[in-house]
1. Count neighbours as other Cβ atoms within 10 Å of each site's Cβ, and list the trypsin sites (Lys or Arg not before Pro) in the range 1-71 that are DSSP loop with at most 16 such neighbours.
2. Collect residues whose amide H, placed 1.01 Å from N in the peptide plane, falls under 5 Å from the amide H of Lys14; neighbours closer than 5 in sequence don't count.
3. Can you give the calculated 222 nm mean residue ellipticity of the chain, where each DSSP H run of n ≥ 4 adds -39,500 (n - 2.57) and the sum is split over every residue, rounded to the nearest 500 deg cm²/dmol?
4. Between the range 22-50 and the range 56-80, what is the C-alpha centre distance in whole Å?
5. At q = 0.12, 0.24 Å⁻¹, what is the log10 ratio I(q)/I(0) for the range 2-73, with the Debye formula run over Cα points and no solvent?
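Any read-out appearing in this document is the output of simple, stated calculations on the displayed coordinates, not a laboratory observation. What you are looking at is a predicted structure, and each value in this text was computed from that prediction instead of being measured. Backbone-built Cβ (ideal geometry, glycine too); neighbour counts: all protein chains shown.
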Amino acid sequence: MRIKVMKSLMESPKNAYGLSCSLGVNYRTIEHHMKVLLSNNFVVVQGQGYGKVYFPSPTLVNNIKTFQETLAAAGIKWDP
């Protein structure tokens with residue numbers, strides 16, 4: 001699920017509701033995954049409350065090739 005979230009954010013920044021709708025996942029599930037991604041520096045957030053918008057972190061963007069290679073080594077395909 002978190003990889004799907006990151007792929008979606010690489011296409012365009014979204015709030016939790018937008019992610020929920022685009023991925024067909026419960027809003028609370030998205031909130032949980034966003035907390036994990038934030039704490040691990042995969043995403044950054046702008047704004048507060050319901051209007052918070054999530055973006056891929058500069059660290060993820062700058063290291064996307066390494067991230068893709070790591071996923072590939074684990075047998076996970078990444079096609080943003």
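1. Lys52
2. Those lying under 5 Å, H to H, from Lys14 are Tyr54.
3. Working: 5 runs with 46 residues, N = 80.
So the calculated ellipticity at 222 nm is -16500 deg cm²/dmol.
4. Using only Cα atoms to place each centre, the spacing works out to 18 Å.
5. After summing over all Cα pairs, the log10 values are -0.29, -1.10.
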